[in-house]
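Engineer: The structure follows.
The values are calculated or read from the model by the stated rules, or taken from the named source; none is laboratory data. What you are looking at is a predicted structure, and each value in this text was computed from that prediction instead of being measured. Don't worry about glycine lacking a Cβ; one is built from the backbone with ideal geometry, like all the others, and counts go over all protein chains shown. Side chains are part of the model used for accessible areas, which takes the heavy atoms of the whole protein and leaves out ligands, DNA and RNA. Shrake-Rupley method; radii C 1.70, N 1.55, O 1.52, S 1.80 Å.
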Amino acid sequence: MGYEHLLVKQDGETVRITMNRPERRNALSEDHLRELLDAFETAGSSDATGIVLGAEGKAFSAGHDFADVAARDLKGVRELLTLCTEVMQTIQAVPQVVVAKVHAIATAAGCQLVATCDLAVAAESAAFALPGGKGGWFCHTPAVPVARNVGRKRLMELALTGDPIDARTAADWGLVNYVVPDAELDARTDELLARATRGSRFGKEVGKQTLYAQLDRPEADAYAIAVEVMAAMSHSAGAKEGMASFLEKRKPVWPD
């Protein structure tokens, strides 16, 4: 489909989804969220191995579009937040590795997008915030994935003060993987994605889903999940080729 708020292209084995609503700081209106959902679902069913989520303009994303939210009744706001949650869950459900390429400030649901992606690379000029803490509408849903990236006290500082943190602090806190000079953002994002998409595609897909399934569970439950999946995957074509190539001291030829 053609998109109004996104630029989407497949570049070899990578799908690049770029938010392109700079006049609204890439605010997440219903239309914008529906386009993101469609783009990720389409990319997820493609033969790509990786997805890069980026943005154009002075902000990565300013979060929810208040003009959209303010015009809704309670049912309408609930539906909007449910749609946003579906987008976030789809990002983690697609088989591809998803990397956020953050060139500028990401606030509220924009910060939620970054925290939801599998990996994230930020430019030195980027910043991150959950600004609801100093406003009237607290960042309840954006805090969900942020809480799973940073420690409790750091989450509380972000959520309660509403103050932004710079990219270096975000990396120190675990919100992003790397901070790089602005001019190197594209190259360093692609370099990380290349490293993260090596090996068997099927093995990576199952590995990603298993990681999300066991994260935040008690250790015993996490082991119960991981043992069963790892045992089953030992008989996959990719695992057999990986072990055979190691034993035979040769480069692997991945079946997928």
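Engineer: Could you list all residues from the range 32-53 that are more than 11 Å from residue 87 (Cα to Cα) and part of a helix (DSSP H, G or I)?
Structural biologist: Within the range 32-53, 42, 43, 44 qualify.
Engineer: Quick one: how many residues across the range 197-245 are of a type outside the set (Gly, Ala, Ser), within 16 Å of residue 98 (Cα to Cα) and without any contact (Cβ under 8 Å) to a residue 40 or more places away in the chain?
Structural biologist: Residues meeting the conditions: 4.
Engineer: Out of the residues in the range 57-80 meeting the condition of being within 17 Å of the chain's Cα centre (by Cα) and not in a strand (DSSP E or B), tell me which one is farthest from residue 116 (Cα to Cα).
Structural biologist: Here the answer is 62.
For (1) more than 20 Å from residue 123 (Cβ to Cβ); (2) open to solvent by less than 30 Å² (accessible area, probe 1.4 Å), each residue gets a yes or a no:
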{"position": "14", "(1), (2)": "no, yes"}
{"position": "19", "(1), (2)": "no, yes"}
{"position": "40", "(1), (2)": "yes, yes"}
{"position": "75", "(1), (2)": "yes, no"}
{"position": "98", "(1), (2)": "no, yes"}
{"position": "111", "(1), (2)": "no, yes"}
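Engineer: Shifting gears a bit: Which ones in the range 22-31 are in a loop (DSSP other than H, G, I, E, B) and either buried (at least 23 other Cβ atoms within 10 Å of the Cβ) or hydroxyl-bearing (Ser, Thr, Tyr) (or both)?
Structural biologist: Across the range 22-31, the qualifying residues are 26, 27, 29.
Engineer: Under the condition of being within 14 Å of the chain's Cα centre (by Cα) and over 21 Å from residue 206 (Cα atoms), which residue from the range 42-56 is surrounded by the most Cβ atoms within 10 Å (Cβ to Cβ)?
Structural biologist: It comes out as 53.
Engineer: Another question, if that's okay. Of a type in the set (Lys, Arg) and open to solvent by 100 Å² or more (accessible area, probe 1.4 Å): is that true of residue 208 in this structure?
Structural biologist: no
Engineer: Any chance you could count how many residues in the range 119-141 are open to solvent by less than 40 Å² (accessible area, probe 1.4 Å) and modelled with pLDDT of 95 or more?
Structural biologist: Total meeting the criteria: 11.
Engineer: Looking at residue 166, is it acidic (Asp, Glu), in contact with a strand residue (DSSP E or B) (Cβ under 7 Å, 6 or more places away or on another chain) and either at pLDDT 95 or above or closer than 30 Å to residue 232 by Cβ (or both)?
Structural biologist: Yes: the conditions hold for residue 166.
Engineer: From the list 237, 170, pick out the single residue that is open to solvent by less than 90 Å² (accessible area, probe 1.4 Å) and over 17 Å from the mean Cα position of the chain (by Cα).
Structural biologist: Testing whether each residue is open to solvent by less than 90 Å² (accessible area, probe 1.4 Å) and over 17 Å from the mean Cα position of the chain (by Cα) leaves just 237.
Engineer: Quick one: is residue 188 open to solvent by 70 Å² or more (accessible area, probe 1.4 Å), within 21 Å of the chain's Cα centre (by Cα), under 23 Å from residue 49 (Cβ atoms) and charged (D, E, K, R)?
Structural biologist: Criteria met by residue 188.
Engineer: Given the conditions (1) open to solvent by 60 Å² or more (accessible area, probe 1.4 Å); (2) out of contact with any Asp or Glu (no Cβ under 7 Å at 6 or more places or on another chain), and given that residue 254 satisfies all but one, which numbered condition is not satisfied?
Structural biologist: (2)
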